[in-house]
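The block underneath contains the structure these notes are about, expressed in structure tokens.
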Amino acid sequence: MNDLPPSRSHRLTPIAETGDRFCDFAPYVASINDHGVVAFQAALTAGGTGIFTSDGGTISTVADRATGRFVEFYSHPDINDDDSICYYAALKSGGQGVYLIRDNQLIRVAESNESLSAVGPLGPTMSADGVVAFRADRKSGQNGIFTGGRGGVTSIADTGDFFTAFHGLPVINRHGKVVFRADRKADGQGIFTAHGGSVATVVDNRHVFGDFGMFPSLNDEGTVVFSATVKTGGSGIFLMRDGRLTTVVNADGPFESFRGGLVNNSRTVVFFATPRGGPLGVFSGPDPSVDGVISLGEPFQESKVADFALNSVSMNNAGQLAIRIALASGRQFIVRADPVD
């Protein structure tokens with residue numbers, strides 16, 4: 001059953017649901033590749049957690065506690081177009097790490113060891129050629145952003161002299177550029193990119209902006225999309241490309257607040273926002289009456305949407321979305337949202 005309000009811009013296709021096999025999909029989001037394959041973490045009714053994929057047909061097990069050295073999976077998985085998958089996991093022997101399955105091989109990207117005390121939070125992201133970006137804590141007390149794969153781990157940025165904290169998750173594109181949200185020691189917060197050993201400021205809060213959303217998004221051409229409040233009042237979704245700032249949508253129109261945005265290689269932007277007098281939802285354009293993807297309180301599967309979640313790994317280049325949904329009835333779903341022609 002697919003309850004699609006006639007004004008919606010996407011059709012929702014169930015990928016997985018709680019019931020006999022799965023008991024919980026929270027708190028992590030699902031990811032999707034350009035072939036429409038969705039990857040998600042789930043808790044099993046038989047106990048334990050696992051990583052799974054599906055294109056809407058058969059659900060395949062990528063990893064669970066019965067298939068290897070892991071006792072728990074504690075992040076979203078990210079999936080790319082060759083079906084490589086990365087995730088965070090806790091080890092049966094103790095400790096935790098970030099792992100990559102590529103070419104049917106399990107690759108240890110990084111583990112808590114002599115230099116790292118913890119891996120995470122939230123989840124990793126992955127480039128087209130299997131380079132993984134992730135956050136981790138050093139035993140020295142610093143928090144950092146790293147990249148890694150088959151060739152070892154590279155430090156991108158650390159708390160210390162320049163940064164005091166990182167937020168959200170680092171997002172890596174095809175060319176190895178990483179975007180992240182951070183607080184600076186000297187002058188507030190901002191959104192930054194790291195590439196080729198150097199860190200650049202995309203935007204900060206010294207002039208126009210006040211606060212930034214926790215989850216900036218990045219596409220392969222280097223376009224960054226983010227949510228922010230404006231010091232003169234209001235908020236919006238903004239796009240930065242080649243040093244030029246563009247307002248995608250702001251609070252001067254039918255929306256009153258914004259939480260974040262996603263962008264793909266076609267520069268399609270979807271965003272989380274609250275329309276004036278309406279519920280929080282996901283929208284694919286500036287008109288909430290026709291551009292809605294999903295909103296709190298709307299009907300779905302003989303109930304109503306009570307919660308939803310997605311982030312930068314949850315949209316592909318065809319504009320499809322992978323969304324975790326919780327219903328008022330207590331059921332949960334992983335759905336794929338396909339644009340309506």
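Within the set of pairs 6+ apart or on separate chains, which have a first residue in the range 101-124 that is polar (S, T, N, Q), a second that is open to solvent by 20 Å² or more (accessible area, probe 1.4 Å) and in a strand (DSSP E or B), and C-beta atoms under 8 Å apart?
SER112/GLN96; SER112/ALA118; SER115/ARG138; SER117/ASP137; SER117/ARG138
Test of understanding: among ARG65, ARG21, which residue is surrounded by fewer than 23 Cβ atoms within 10 Å (Cβ to Cβ), of a type in the set (Lys, Arg) and at pLDDT 95 or above?
Of the residues listed, the single one that is surrounded by fewer than 23 Cβ atoms within 10 Å (Cβ to Cβ), of a type in the set (Lys, Arg) and at pLDDT 95 or above is ARG21.
Output the residues belonging to the range 232-274 that are in a loop (DSSP other than H, G, I, E, B), charged (D, E, K, R) and within 22 Å of the chain's Cα centre (by Cα).
ARG267
From the list ALA337, ALA328, pick out the single residue that is touching a strand residue (DSSP E or B) at 6+ places or on another chain (Cβ under 7 Å) and within 15 Å of VAL282 (Cα to Cα).
Being touching a strand residue (DSSP E or B) at 6+ places or on another chain (Cβ under 7 Å) and within 15 Å of VAL282 (Cα to Cα) holds for just one of ALA337, ALA328, which is ALA337.
Just checking, which of ALA110, ALA90 is farther than 23 Å from ALA42 by Cβ and of a type outside the set (Phe, Trp, Tyr)?
Just a single option satisfies the conditions, and that option is ALA110.
Among the residues of the range 209-230 satisfying the criterion of being touching a residue at least 24 places away in the same chain (Cβ under 8 Å) and open to solvent by 70 Å² or more (accessible area, probe 1.4 Å), which is nearest to ASN173 (Cα to Cα)?
If we take residues in the range 209-230 being touching a residue at least 24 places away in the same chain (Cβ under 8 Å) and open to solvent by 70 Å² or more (accessible area, probe 1.4 Å), then GLU221 is nearest to ASN173 (Cα to Cα).
How many of the residues making up the range 248-271 are open to solvent by less than 70 Å² (accessible area, probe 1.4 Å) and either over 15 Å from LEU310 (Cα atoms) or without any contact (Cβ under 8 Å) to a residue 40 or more places away in the chain (or both)?
Residues that pass the stated criteria total 10.
On the given criteria, is ARG184 of a type outside the set (Val, Ile, Thr) and open to solvent by 50 Å² or more (accessible area, probe 1.4 Å)?
no
Would you mention how many residues in the range 71-89 are part of a strand (DSSP E or B) and crowded, with 19+ Cβ neighbours inside 10 Å?
Of the residues in the range 71-89, 8 are part of a strand (DSSP E or B) and crowded, with 19+ Cβ neighbours inside 10 Å.
The values are calculated or read from the model by the stated rules, or taken from the named source; none is laboratory data. Just so you know, these numbers come straight off a predicted model, no measurement behind them. Methodologically, a virtual Cβ is constructed for each residue, glycine included, from the backbone with ideal geometry; neighbour enumeration extends over all protein chains shown. Surface areas here come from the heavy atoms of the whole protein model, side chains and all, with no ligands, DNA or RNA. Shrake-Rupley method; radii C 1.70, N 1.55, O 1.52, S 1.80 Å.
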